[in-house]
Amino acid sequence: MNLSTTLSPARGSAAPRAKGRRARDPLPGFRLALGATLLWLGLIVVLPLAALAVRPWQEGASAMLAALNDGRMFAALRVSFQSAVIAAILDLPLGLILAWALVRTRLPGRRVIDALIDLPFAIPTAVTGITLATLYSPQGWLGAPLSRLGISVAYSVTGIVAALMFVGLPFIVRSVEPVLRDLPPELEEAATLLGARPWQIVARVLTPVLLPALISGFGLAFARGIGEYGSVIFIAGNQPFRSEIAPLLVVVRLQEFDYAGATSIAFILLVASSACLAAVAMLRKRAARGLVAEGAA
Amino acid sequence: MSVLIENLARHVAGGKLVLDDVSLHVPDGAFVALVGPSGAGKTTLLRAIAGLDPASSGHVEIDGRAMEGLPPRERNVGFVFQNYALFRHLTVARNISFGLDVRPRTSRPSRAEIDAKVAELLALIQLPDLGDAYPQRLSGGQRQRVALARALATGPRLLLLDEPFGALDPMVRRAVRTWLRDLHDQLGLTTILVTHDQEEALDVADRLVVMQDGRIVQDADGETLDATPATPFVMEFLGETLRFPGVVSDGLFIPADAHVSPFSTNAAEGATEALIRPHEVTLRADAAGGAAKRVGRRGPLERLAVSLGERSVEIERPVEAPPSGPVALEIAQARLFQNGKPAVEGNHPWSDASAVLADVVPEPV
């Protein structure tokens, strides 16, 4: 009784004020926030992409047709996508183990490792490229013993994969880490008390729960791998049809002042990457839905 | 399965002792509760038995077998975590069968046998129709029972429960408690349960192990704990306690408070504290006494606040007419402590005040 008498005058006075505004605005400043977001997104993302989509057609369809008939371009696309997929897949187990070690164990020097993981984000990619090329060159620290075993990393697709693994690893670790941190360690303890071996815990307990995060990380590493330029070109050897990546071909075309051709390749690269990322996103959604599935509907 | 623990100690980083020379014997078929305030080391002890937290020194034996160096996987103990730790990506049935599913092919029962075992356990936990549900859909009480069924699936004879009732609402708690006790008896298990709720422990367990600061303070059944607590802490932990400081002199305990009658005791002379439950007193009309007034009532009992001059205490008694005037307190029975230790050795550590009341001259105020 008391409550309603104290509330009713307030309600009465609030009603006319609310009339002027949109009645169902749940947040103050909603329009401002939406406007800022759209403007921001438009300027930073949509505008350049639109320019990219328009540019190839400005001199007629011939540039695009030429690009679509260019075997060298398709070879470059294949090299790019193949190496990006392989590198991202190889990064998955590595990233999972690293994230697990960071979250679950009290490794000495954990903070140093933690900082090191982000380093590929911070180093200029050209520096990464030169470093890796030196390391894997036939005279390098790793290249020399490997070449004695008959494995040549530098100046081949293997080298591209090695470089992409380096830049892609932090994406996996940083995607998995927060999710793993949220998982109660009791899950793993319960599994071990029930007789599960370590690999069974990874396969049956951790991986299914971490799958959406793993797919996210995979998508990010993969996307970065397709677009990666600086760290790859020094180690790849850049032989057309063999170890030439698509972004490099764009640069080659630009150096030939063939802007229409360059943007055509870029546009095709954009469409192909978008399709791949959409597929990854769908996969992740499915995996996430599997976790909250309400029985077999 | 019996459990024997000898001189177990565990340090954590920083040198803090979380288990300090703990020795405990749990015979086969016993239901023991580890009780104590948070941080007392109960869960650490439970985890040490399961092998999840390695001990710094000491010895653990399960069923006569030394556990040193044996990984948790090979100890075959059932463990129910406080947060249940159910696998949320698996159905209830697959959660329960997890311990069987992960066995190597040679010792794994057939699919049909596993399914039969799951059905049997689902019936046991009274959730026969929820095998296909996912844990998110279950209520707290149901999740808890699923966690228990999962722990029982591999047929352990020793069950370790960490705060199993912590997350349940009070109505469900009581039911689950009774059910758990029945299950223990029915399956012939040995059960060790951790709880911070002494009433729960008294209800369900045969024996209570009271822990404080990483040590076992007392290990006895509920009656013994109440009659002869080893320290004032045990007394206070087990229920509401009134403390009366005083001295023993010439075979009499003389309280420091006004309006409390002395009583005879065979404790040694010196500073002594008498600890009582709120109902272990009677009121006596005393013109020089303190005021008493009712402050609450629950069922057939009422609570009275009695003024003792400097302070006032709340006592409990069957509901009757309120005292007409000032009263004095007469302690009916008390546990006497000197320097934190029981003041009276032997079988009758508490003093029976009623016999000598007639001779007692009330303290002049």
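Before moving on, here are some points about what is shown:
- Number of positions in segment A:189-200 that are at the interface with chain B (Cβ under 9 Å from one of its Cβ atoms) and over 18 Å from B:Ile96 (Cβ atoms): 1
- All positions within segment B:315-346 that are assigned to a strand (DSSP E or B), more than 24 Å from the chain's Cα centre (by Cα) and touching a residue at least 24 places away in the same chain (Cβ under 8 Å): B:Arg317, B:Val327, B:Ala328, B:Leu329, B:Glu330, B:Ile331, B:Gln338
- Qualifying residue in segment A:145-160 (condition: hydrophobic (A, V, I, L, M, F, W, C), within 30 Å of B:Gly51 (Cα to Cα) and outside any helix (DSSP H, G or I)): no
- Within segment B:59-75, if we keep just the residues that are in contact (Cβ under 8 Å) with a residue 12 or more places away in the chain and facing chain A (nearest Cβ under 8 Å), the residue that is surrounded by the fewest Cβ atoms within 10 Å (Cβ to Cβ) turns out to be B:Pro71.
- Of A:Ala223, A:Ala162, A:Ala203, all but one fail to be of a type in the set (Gly, Ala, Ser) and within 14 Å of chain B (Cβ to nearest Cβ); the exception is A:Ala203.
- Residue, modelled with the highest pLDDT, within segment B:243-290, restricted to residues that are farther than 26 Å from B:Pro318 by Cα and assigned to a loop (DSSP other than H, G, I, E, B): B:Ala256
- Listed by first and then second residue, the pairs linking a residue in segment B:290-309 that is closer than 17 Å to B:Ala328 by Cα and among the polar types (S, T, N, Q) to a residue that is at pLDDT 85 or above and part of a loop (DSSP other than H, G, I, E, B), with Cβ atoms under 6 Å apart and 6 or more places separating them unless they lie on different chains, are B:Ser307/B:Ala291.
- Selection status of A:Ala76, out of contact with any Phe, Trp or Tyr (no Cβ under 7 Å at 6 or more places or on another chain), under 28 Å from A:Gly261 (Cβ atoms) and crowded, with 18+ Cβ neighbours inside 10 Å: yes
- Filtering segment A:136-157 to residues that are free of Cβ contacts under 8 Å to residues at least 60 places away in the same chain and surrounded by 17 or more Cβ atoms within 10 Å (Cβ to Cβ) leaves A:Ser137, A:Gly140, A:Gly143, A:Leu146, A:Ser147.
- Of all residues making up segment B:102-126, the number that are more than 8 Å from chain A (Cβ to nearest Cβ) and buried (at least 19 other Cβ atoms within 10 Å of the Cβ): 6
- Candidate set: segment A:98-129, residues that are touching a Phe, Trp or Tyr at 6+ places or on another chain (Cβ under 9 Å) and buried (at least 16 other Cβ atoms within 10 Å of the Cβ); chosen: the one nearest to A:Glu228 (Cα to Cα): A:Thr125
- Residues in segment B:78-98 that are within 7 Å of chain A (Cβ to nearest Cβ) and assigned to a strand (DSSP E or B): 1 in all.
- In a residue-by-residue description of segment B:10-23, the property of being closer than 22 Å to B:Gly78 by Cα, surrounded by fewer than 21 Cβ atoms within 10 Å (Cβ to Cβ) and touching a residue at least 60 places away in the same chain (Cβ under 8 Å) applies to at least one position.
The values are calculated or read from the model by the stated rules, or taken from the named source; none is laboratory data. The structure displayed is predicted, hence computed values, not measured ones. Because the Cβ atoms are built from the backbone with ideal geometry, glycine has one as well, and the counts that use them run over all protein chains shown.
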